[in-house]
Amino acid sequence: MGARREVVSAVTERYRSAKRAEKGRILDELCATTGWHRKHAVRALRRRETVGPGEVETTRKRRRRYSATIKDALTALWEASDRVCGKRLKVMIPTLLPALEQHGRLQLGQSDRDRVLAISAATIDRLLVDVKIAASGGRRRRAGFYSAIRREVPIRTFNDWNSPVPGFCEVDMVAHGGTSVAGSFIQTLTMVDVATGWTECLPLLTREGSLVVEAINRAQSLFPWLLRGVDFDNDSAFMNDVVVPWCREQKLEVTRSRAYKKNDQAFVEQKNGAVVRRLMGYGRFDGVETARMMGRLYAAARLYVNFFQPSFKLKEKRREGAKVIKRYHLPSTPYERALAHPKVTAAVKKRLRDEYRSLDPVGLLAEIRATQEELGNRVDRRAGQTRGLQPSHTSILPATAATFAKTLGKTAMVGEPRATHRRTRRPYKTRVRMPSKLDPHIAAIETWLAEQPQLTALAIVGRLREKSPEEFGKRQHSIVQRLLRAIRRRAAERLVAQGPLDEATTAAPLPGVVDGSGYVGPDPPTAPLVEQVGKAMWHDRLIDIGSSSAMAPSG
């Protein structure tokens, strides 16, 4: 940097006294020597002042237009406006300033007042930047590092595709972190062709832009056709200065979805669930060996899914009032859609047909199940805890595709065939009932209920508080509720178990029953039939409730 200053000092005087053509030659020489841009060199030569021998070179400083008085006035106006932004404060100043002056809150000279009224919104924000930092406790809100790159990537919504040709893909990531995002874990990069539904999945050890570039480059060799465009979400793993420039160098059209609008990437989001999660489940996977196994799994799954698994595709959607009506094409595989698409070349179609004839779907499924079996022993479902790999189940899959084919249809009742989805059964822990403070009072509660079956938990708590004020209060309301629920449930079970009521109970209807025949007698009783019969049963002591079984759940 010192050498550049010396060069600039040497040519400054000659540049100022030179003619126009000579100034151009001096600028060319200076740019070639220092590597500066031409406009930067012009500014450097203009701001240098000639100094005498042995003196330090100084630069001309721009005269400040707004003094500390104006900054203080802006601070007072900003506080009076409830700390709004500069653009809103600019509009409020013509109204707010006279109000503050009228009530003696602010006094400015005429020149300072004119400057405050003429100040721009950008200058307001610039002058108040340190005030805002101090007001927020020393924390400065910074714009995201990738916001500039994100702003220059155009947005594409779900309705903007308009039947593209094969080669335009939606790209997304699926995290295999289990129940936690702490630490490092494997991610799956999913790429789905919008026109055909062709899906490619690749495992990534970490979320880095360089690995995303390598994965997209690898996917380019896996797709039957050339990639034409990629549609990302707003993830920083995509919106950075590595992925976006590389895609543009490869002549790929780069677009992105709207923030917090997952339906803009409906094609890839559907495959995240139907392909990735169906294969891998929701466990935690990490490590190089696990990523290598996932690569084996995806290598077999891509052929099985793209050539043999049909899927639906939306044909049209219309709204009728509050109802949205959707029509779909007949289910077809990505392979069939590629053969039917007029933009796919004949050479690509021939290569796809040859590959299709050589594939065995049962053999591919056997490879998928075998790899899932190995991954099932590596899954860590309790994320954030380091522990050794422990087999979560015993393998039941045969070793070869031929023996696997013999088991098809015979193991349907075993359970989930994907080892990555299985869960080991935890042994049931027998719970021992702890003593309750209600145990000594159950007999009294039964007596109260025999006399008044409609008693509520609050009424019983009140009576218990009168007997033992040091033990019972409003906090015991919930345990009394559970006790009453258990008692009344057992009473109902006993009532149902006894069968039909006797003739004395059922011979004559209760007085006041409304049968729609024009009855105009007294109002029917408010207590239902079960409560009335239950009250009689309380009196007859037909229900025996022990101290330990009253709180236990039935069944």
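The values are calculated or read from the model by the stated rules, or taken from the named source; none is laboratory data. Computed from a predicted model, the values in this text were never measured in an experiment. Please note: Cβ atoms are built from the backbone with ideal geometry, for glycine as well, and neighbour counts cover all protein chains shown. The area values use the complete protein model at the heavy-atom level, side chains included, leaving out ligands, DNA and RNA. Shrake-Rupley method; radii C 1.70, N 1.55, O 1.52, S 1.80 Å.
Once phi is turned into ³J(HN,Hα) by the Karplus curve 6.51 cos²θ - 1.76 cosθ + 1.60 with θ = phi - 60°, what whole-Hz value does each residue of the range 159-172 show in order, with x for glycine and proline?
7, 9, 6, 6, 6, x, 6, x, x, 9, 10, 9, 10, 8
Starting from the amide H of N234, placed 1.01 Å from N in the peptide plane, find each other amide H under 5 Å away whose residue is 5 or more places distant or on another chain.
Amide H to amide H, under 5 Å and 5 or more residues apart or across chains, N234 pairs with S257.
Could you give the nm distance between label points at R353 and Q220, where each point is 7 Å from its Cα heading toward the beta carbon?
2.9
Using only Cα atoms, locate the centre of the range 289-367 and the centre of the range 155-179, then give the distance between them in Å, rounded to an integer.
Spelled out, the Cα-based centre of one part sits 16 Å from the other.
What is the calculated FRET efficiency for L205 to T157, with r their C-beta to C-beta distance and R₀ = 30 Å, to the nearest 0.05?
With R0 = 30 Å, the Cβ-Cβ based efficiency is 0.40.
If I model a spin label at K39 and A274 as a point 7 Å from the Cα along the Cα→Cβ vector, what separation in nanometres do I get?
Between K39 and A274, the simple spin-label model gives 5.1 nm.
Taking 0.36 nm per residue of sequence separation and subtracting the Cα-Cα distance, how much length would be gained by fully extending the chain between K410 and L458, in nm to one decimal?
Full extension of this stretch gives 11.5 nm more.
Quick one: Karplus J couplings for the range 215-222, per residue in order, coefficients 6.51, -1.76, 1.60, θ = phi - 60°, nearest Hz, x for Gly and Pro?
5, 5, 5, 5, 5, 4, 7, 8
Would you work out the relative contact order for the range 239-378, in percent, from Cα pairs under 8 angstrom that are 6 or more residues apart?
Answer for the range 239-378 is 24 percent.
Give the cross-link partners of K261 among the lysines, using a straight C-alpha distance below 23 Å as the criterion and excluding same-chain residues fewer than 8 apart.
Correct list for K261: K271, K313, K315, K317, K323, K326.
Can you give the extra length, in nm with one decimal, that the chain gains between Y282 and A121 once fully stretched, where that is 0.36 nm per residue apart less the Cα-Cα distance?
Here the segment from Y282 to A121 would lengthen by 53.0 nm.
Using 1/(1 + (r/R0)^6) with R0 = 60 angstrom and r between the beta carbons of R489 and H341, what's the FRET efficiency to the nearest 0.05?
Using R0 = 60 Å, I get an efficiency of 0.40.
Rounded to the nearest 0.05, what FRET efficiency is calculated for E374 and R431 with R0 set to 35 Å and r the Cβ-Cβ distance?
Efficiency at R0 = 35 Å is approximately 0.40.
Rank these residues by their accessible area, most exposed first, probe 1.4 Å: Y260, Y298, Y66.
Largest accessible area first, the list is Y260, Y66, Y298.
Of all the accessible heavy-atom surface of the range 155-252, with the other protein chains kept in place and a 1.4 Å probe, what percent is carbon and sulfur?
49
Give me the extension gain from E249 to D28: residue separation times 0.36 nm, minus the current Cα-Cα distance, reported in nm with one decimal.
Length gained between E249 and D28: 76.5 nm.
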